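Have a look at the structure below before the remarks.
The values are calculated or read from the model by the stated rules, or taken from the named source; none is laboratory data. Computed from a predicted model, the values in this text were never measured in an experiment. Backbone-built Cβ (ideal geometry, glycine too); neighbour counts: all protein chains shown.
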């Protein structure tokens, strides 16, 4: 089932802002290609990045390399992106399966 985006999510999509770029990088497995030259931007994936990426995927806007709704998909995502994830984000991703 395709979900609707929230207004803030839709605005980010239309503007193709940094929030959108980060979420698409999560979905397309291209996090390492992002440019983090701005000193206040974290090079680590945040929970907000993951949540917005899930919203984009559920809305059918962007396809995901990993299925973040299944245990196997989350495990594969964690294995491939562990250097970009904090312990807190890792725990939040695993939580639905514990």
Some residue of the range 10-19 being in contact with a helix residue (DSSP H, G or I) (Cβ under 9 Å, 6 or more places away or on another chain) and under 19 Å from residue 97 (Cβ atoms): no
Could you tell me whether residue 57 is modelled with pLDDT under 95 and not in a loop (DSSP other than H, G, I, E, B)? yes
Against the definition (touching a strand residue (DSSP E or B) at 6+ places or on another chain (Cβ under 9 Å), within 27 Å of residue 4 (Cβ to Cβ) and buried (at least 16 other Cβ atoms within 10 Å of the Cβ)), how does residue 58 come out, yes or no? no
Take the residues in the range 63-73 that are part of a helix (DSSP H, G or I) and more than 14 Å from the chain's Cα centre (by Cα); name whichever of them is farthest from residue 48 (Cα to Cα). 72
Would you call residue 22 touching a residue at least 24 places away in the same chain (Cβ under 8 Å), surrounded by 15 or more Cβ atoms within 10 Å (Cβ to Cβ) and either outside any loop (DSSP other than H, G, I, E, B) or in contact with a helix residue (DSSP H, G or I) (Cβ under 7 Å, 6 or more places away or on another chain) (or both)? yes
Within the range 74-97, how many residues are surrounded by fewer than 15 Cβ atoms within 10 Å (Cβ to Cβ), within 14 Å of the chain's Cα centre (by Cα) and assigned to a helix (DSSP H, G or I)? 3
